[in-house]
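The values are calculated or read from the model by the stated rules, or taken from the named source; none is laboratory data. Treat the numbers as computed from the prediction; the structure is a model and nothing was measured. Positions of Cβ are backbone-derived with ideal geometry, glycine not excepted, and every protein chain shown enters the neighbour counts. These area figures cover heavy atoms from the full protein model, side chains too; ligands, DNA and RNA do not enter into them. Shrake-Rupley method; radii C 1.70, N 1.55, O 1.52, S 1.80 Å.
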Amino acid sequence: MSGAASRTAAVRVRNLVVGFGAPGTDPVLNGVSFEVAPGECLALVGESGSGKSVTARSLLGLAGENSWVRTDELSLAGTDVRNLTAAQWRHRRGSDVGLVLQDALVSLDPLRPVGREIGDSLRLHTRLGAAARHARVLEVLDRVGLPDSDNAVRKRSGELSGGQRQRALIAAAIALDPPLLIADEPTTALDVTVQAQILDLLASLKRAGTGILLISHDLAVVGRIADRIAVLHDGRIVEQGPANEVLTRPGHPVTRQMLAAIPVDKPRGLRLSPRTAAPVSLAPPASDRAAAPGPVLETTVLEATGLVKRFTRPDGTPHLAVDGVSFRLKRGTTLGIVGESGSGKTTTARLALALTRPDAGEVRVLGQAFSAATEKERRRLRPHLGAVYQDALSSFDPRLSVEQVLRDAVAGGARRTGRGGASVADRARVLSLLDAVGLAQGLLGRRPLSLSGGQRQRVSIARALASDPQILICDEPVSSLDVTVQAQVLDLLDELQRDRGLSLLFISHDLGVIQHVSDQVAVMLEGRIVETGAAAQVFAAPQHPYTQALLGAVPRIGY
Amino acid sequence: MAEVGRGSRVARVVLSRLGGAAFVLWMVATLTFFAVRLIPGDPAEAILGGPGSQTSPEALAAVRAEYGLDQPVFVQYLAQLGRLVTGDLGRSYALNQDVAPLLAGQLGGTLLLAVLALSLAWLLALGLATWSTRGGRVAWYVGSGLEIVAAALPHFWLATALIVLFSVWLGWLPPISSAGAAGLVLPVLTLAVPLAGFLGQIMRESLLTALESPFVLSARARGESERGVRWVHVIRHASLPAISLSGWAFGSLLSGAVVVETIFARPGLGRTLLNAVTVRDVPVVVGAVLIVAVGYILMTLLTDLAQRIVDPRLRAR
Amino acid sequence: MSDLEIQAGLGRSPHAGTGGSTRPARPARRFGLAEVLAGLFALFLVTAALFPALVAPGDPLGIDPLSAFQTPSPAHWFGTDESGRDIYTRVSHGTGSSLLIGTLATLIGLGLGLVLGTLAGMLGPVVDFTVNRFLEVLFAFPGLLLALLFILIFGPGVATATVAVGLATAPGYARIIRGQLLSVRSSAFVEAATVLGRSPGQILVRHILPNTLAPLFVLGTLGIGQAIVWASALSYLGLGAAPPAAEWGAMLSAGRTYIGSAWWMSFFPGLFIVLTAVAATALGRGIERRMRHS
């Protein structure tokens, strides 16, 4: 398969048009052309809804039910695959092209041992016996850096760590050494350090001659290994070229916007999204409080001392989720808490909001006892605290419309069922809140379920602002958003902070985001804060090896 | 060390399950014991043929002594528990016979009926769910419609319709359940079809969920065929919720036997139970109820085990 | 789990239905054909229950020995029984009692379920544990068994059969209500309301009760069909309504003797039971879908 095959493209597609429903109508992909040579990595980058995943599936002949596909050329390893029968397609899949999906926990059958999953390609495409297959599976596992030291073949995806199972998923895709590997967001669900390892693995596969089509929403991530980048927008490739060129001299506004949205290494306060994205706030700044913006006053508004929280694992062993965490949030500043999954950062947020009781330690708000107080006493302080959650949708009562959600928040718990003057005032407050977060009035009657992710998060921010809080606690507020939407929400938070003198406790797994938003930063590892200090200082000269590793793993443009 | 830990964990799980089952059984016995004491009238009179019959005080006293009815309630309760532990279900009021051997003789036929019906229901449900998720939109609507109608079919009407169709009109099968295999066909169908409707709804839902999951896309991208996708991957996921329902299903089959055995004039636990309710033969009713409860509890334990076999993720818990 | 839980498709999150799905897009049309048909049939049933003379002017108990055992014909749509009574008239006039029994039994079941479920879901872990064990014990009397035990104690009859069916369905309702309460209480939006500084009372009234009670409407609709089936099963076994009452189960029971010669005597009353149960399922699901996607 080497000699002649290495000269032919691993995949070549010309003018690919794909749609769902009646043939010829409303294509979601509209004339996509590219090719991937052996040993080359082409990155297909776009936001959600741009058609990335449909492209990947179409190349495998798996565009989906009710889909129609038209293309001038589609060849895998030099073979025209446009008119294959179902059986011929099955023969190609796995041997000519492999697919790696996002989350290996569900992309590998959770009920089967990974060894079986990896061996499936061999079972389907070769005549190897069981013993020979097993040997080959071990070989492939070794190749992806998952030697069978812990009998990995017999484990199921749920019993492996995130990085291990992603390696196993890649092993399943390359078991037959296909000339093309399609990786659809292969690192999105992973922690940044693991992400770096998986990207290194893909790079080594590339060097060994595999052509890689890397699909991602994140330009910074693909910059690490892509030779060329194609930017997909609304079903069309708007820009395609060598990676360096696209990243440093973007030709298309879409690319420029996506690059501008990346928060890494962007100084605090710099806008990430174009001004026009949100209507300019006409409301005058809250005059009573915004008198002294910026980190001038050294008052502590939120203070945690020695927080400890224990949980019991399902198998009965105790687990220290938070182990002696202390921090101070100063008025008008942002404290960023960064950590990977399982570091205890979300538990810290819940402790700060007094949604769960600490086993030791205390949280004080505006100098007053908060975690140690009763819920009844706390209720007096709660209006000073606003919260924004990662999953905005589930934080809304599914029965309520946007207007009802905001009215509830504005009413401050008072029962205002009548149509009296208070209600008119409430409505005005709701409208000004909507305006402050850049949402149109037309959304008032909608349910959060029918809003986009960015809109939901704006409603969530509006709700948090309803009581005019001094402190905003944001737990992964932008993690599930596209990069450009994330940029808009980050800009909005920054704007609101300046207008209203808010103090932010900002929790994220994304070091780039934390770097962009924080004045002070705390790095969490296994329930402890391992390093803390002024953001500029920590990022310029990280002291703790873990912080150094984290910083080293962050994908950057222009490395 | 891992092996020891695992072994003791398994032992702990098994013990807690058995303990839970024993507790439920004890409570069932307690509940029925005190419930039947709510029956108005004198049990001794009931034993001697109901309140209308002219019985002498001496006869009543003799019966009270024989059945322990002259003892305090709590003593009677303990005595009953003691008898239950040794497998003694007391003596029938109406049949003048020990309940345990009486019911034991009826149990086999009912169990056969229930096991066959459960198996057939599984097959029907799986077939229908598979077919309706494969053949596009029309099949989907037809499949879900069939399931809803099947689930709504009352046993007594389905049995009547089957008898009219297969026995009266076509003459293929006997209307009265005879000893042979032919006599089993209609009763089993009657019990299986409505259950298949319920199970089918569950299975189709979970089948669709499994078919949409990423691991199926991964498998297809590996070159797995549609049949392979279904048999290697999807079927295990799709059967999990239905397996967990099978304990409930088995219990409802045992109680459905009351109707089916009556209609097909088939000897069994259900028919005995119904007759006993009609003539208020308390020990027989209590005995039958306890036996059904035991069957339900055993089946629940079995389904629990089956789930752990199909889904290794549950073993960790 | 009970058949009701299956029918109601419970266990999904309140926000279910967001993900992309290859399932037929069910909420696309406002009313499906099945719902329209079910609605029409329900309308007929309600009319027949309230004003039976409107849909069947004859006398349900009027004996006419000369026209006994007539096959279905334009004169007697559903045929006649052994005394020459018109089956269609009897089925229509029996609608009222069958619906009443089904509705009452469902209300009893829901009421008991609500009490038990609320106790378990609201009063903390100790009560929850106790109620849960109690429910487990009740589940060990599957199907009609609990109803039979009840009838053993209080004797057969329409009233006891109704209460018995209500009692037998109560554990299922209790479990569903408890689960719903617990999932709503631990939901992110209740936490969000706490963070906004709402008191437990306000949260209960504004979020927990509406989100718990709304599904009960669906459960009740689905449950009426099931209750009618069970109650008529008891009548059929001679433990509920007795012939010559024009109750569907009792009519079926009366037709049993003539199964070989007059199938229509059993067929049509049973058909109405089946159609009622199917209509209740279709309507219940329609309501549920509407609640979920509105």
| said: Checking the cross-link filter: which aspartates and glutamates have an alpha carbon closer than 18 Å to that of A:Lys266, excluding same-chain neighbours under 8 positions apart? | reply: A:Asp218, A:Asp482, A:Asp491, A:Asp494, A:Glu495, A:Asp510, A:Asp519
| field | Sequence-separation-based contact order of chain A, relative, with Cα cut under 8 Å and 6+ spacing, percent | value | 16
| query | If you rank B:Met27, A:Met258 by how much accessible surface each has, with a 1.4 Å probe, what is the order from largest down? | reply | B:Met27, A:Met258
| message | Could you tell me how far the Cα centroid of the range A:4-59 sits from the Cα centroid of the range A:77-152, in Å? | response | 22
| Coil-residue GluC sites (Glu not before Pro) of the range A:19-117, DSSP, other Cβ within 10 Å capped at 15 | A:Glu65
| said: Can you tell me the convex hull volume per residue for the range B:161-317, based on C-alpha atoms, in Å³ to the nearest whole number? | reply: 151
| remark: Filtered hits (aspartates and glutamates, Cα-Cα < 14 Å from A:Lys206, offset >= 8 within chain) -> A:Glu40, A:Asp177, A:Asp227
| request: Note every residue of the range B:282-317 with a reduction of at least 40 square angstrom in accessible area, all protein chains present versus the isolated chain, computed with a 1.4 Å probe, or write none. | output: B:Val289, B:Tyr296, B:Pro312, B:Arg313
| Scaled radius of gyration (Cα, divided by 2.2 N^0.38 Å) that chain B gives | 1.24
| query | For all pairs of alpha-carbon atoms in the range A:309-389, what percent lies in each bin of width 5 Å, listed from the first bin to the last filled one? | reply | 3, 12, 24, 24, 19, 10, 5, 2, 0
| field | Rotationally averaged projected area of the range A:187-267 (alpha carbon convex hull; nm²) | value | 6.0
| said: Rolling a 1.4 angstrom probe over the protein chains, ignoring ligands and nucleic acids, what is the accessible area of C:Glu136 in square angstrom, nearest 10? | reply: 70
| query | When each pair of different Cα atoms in chain A is counted once in the 1/r mean, what is the Kirkwood radius in angstroms, to one decimal? | reply | 25.7
| Cα-based Rg / Dmax (Å) for the range A:104-177 | 10.9, 32
| remark: Chains A and C: accessible area buried, summed over both chains, 1.4 Å probe, nearest 100 Å², reads 2300
| message | Sequence gap at least 6, Cα distance under 8 Å: using those rules, report the relative contact order of the range B:99-316 to the nearest whole percent. | response | 27
| query | Rg and Dmax of the range A:32-161, Cα atoms, in Å? | reply | 16.9, 48
| remark: Ordered by number, the residues of the range A:79-93 that have at least 20 Å² less accessible area in the complete protein assembly than on their own chain alone (1.4 Å probe) are A:Arg90, A:Arg93
| said: Could you give each residue of the range A:484-491 its phi-based ³J(HN,Hα) in whole Hz, using Karplus coefficients 6.51, -1.76, 1.60 with θ = phi - 60°, and x for Gly or Pro? | reply: 6, 5, 4, 4, 5, 5, 4, 4
| Distance from the range C:217-263 to the range A:441-508 (C-alpha centre basis), Å | 59
| query | Can you list the trypsin sites (Lys or Arg not before Pro) in the range B:24-118 that are in a DSSP coil and have 15 or fewer other beta carbons within 10 angstrom? | reply | B:Arg37
| message | In whole Å, what are the extents of the protein assembly as shown along the principal axes defined by its C-alpha atoms, from largest to smallest? | response | 105, 74, 68
| query | P(r) of the range A:163-223 in 10 Å steps, Cα pairs, percent per bin? | reply | 22, 61, 17, 0
| Interchain or long-range residues, amide H under 5 Å from A:His233's placed H | A:Val238
| query | For chain C, which span is the longest to avoid every loop-located (per DSSP) member of chymotrypsin sites (Phe, Trp or Tyr not before Pro) having at most 16 other Cβ atoms inside 10 Å? | reply | C:78-294
| If you take the alpha carbon radius of gyration of the range C:30-175 and divide it by 2.2 N^0.38 Å, what ratio comes out, to two decimals? | 1.43
| message | Give the aspartates and glutamates whose C-alpha is closer than 19 Å to that of A:Lys309, dropping any in the same chain fewer than 8 places away, or say none. | response | A:Asp323, A:Glu340, A:Asp359, A:Glu362, A:Glu375, A:Asp475, A:Glu526, C:Glu191
| query | Going from most exposed to least, what order do B:Val289, B:Val36 have by accessible area with a 1.4 Å probe? | reply | B:Val36, B:Val289
| So how much accessible surface do B and C hide from each other in total, probe 1.4 Å, in square angstrom to the nearest 100? | 4800
| Accessible area of chain C belonging to carbon and sulfur atoms, whole % at 1.4 Å probe | 71
| request: Express the Stokes-Einstein translational diffusion coefficient of the range C:154-277 in µm² s⁻¹, to the nearest whole number, given a Kirkwood radius over alpha-carbon pairs, 4 °C and a viscosity of 1.567 mPa s. | output: 75
| note | Share of Cα-Cα pairs in the range C:32-293 beyond 33 Å, whole percent, is 32
